[in-house]
Amino acid sequence: LAERDRAAEADAVCVALLGRDVDHALLRFNHALALEDMKRPRAALDAYRRAIELDASFADAHYNAACLLESLNDTRGALRHFNAYRKLQGL
C-alpha cells in the first residue's frame with residue numbers, strides 16, 4: 001500500500017494489526033514508513049524504535065531511524081543509529 005502512495009491505508013492496516021496484539025519488527029518498520037509518508041516524523045521514529053526493541057539486529061530500522069533523526073537535527077541520536085547500522089552491516 002505504501003509503495004502505491006496509499007500510506008493512510010497502510011497506516012490503518014498496521015493500526016488494526018497492532019490492536020490485535022500483533023507486534024513484530026517488520027510490522028513496526030512498515031508502519032514507520034507509512035507514517036513518514038504521512039509527514040508524521042515523531043510517530044515514525046517511535047515505530048522505528050519499537051522495531052529495534054523487537055529486533056536489535058534490524059539494520060534497515062537503524063538506518064531509517066538515523067536518517068529521520070538527522071532530519072530532526074538530533075545528531076547524537078542519528079550517529080548512534082548510523083553506528084549500529086554500520087556494525088550490523090560489517091562496515
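Here, each number is a calculation from the coordinates, and none is a lab measurement. Worth saying up front: this structure is predicted, and the values here are computed from it rather than measured. Don't worry about glycine lacking a Cβ; one is built from the backbone with ideal geometry, like all the others, and counts go over all protein chains shown.
Quick look at the values:
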quantity: Matching residues in region 15-38 - criterion: being over 12 Å from the mean Cα position of the chain (by Cα) and either within 23 Å of F82 (Cβ to Cβ) or in a helix (DSSP H, G or I) (or both); calculated: V15, A16, L17, L18, G19
quantity: Test: residue in region 40-55 that is under 21 Å from H81 (Cβ atoms), touching a helix residue (DSSP H, G or I) at 6+ places or on another chain (Cβ under 9 Å), of a type in the set (V, I, T) and surrounded by 14 or more Cβ atoms within 10 Å (Cβ to Cβ); calculated: yes
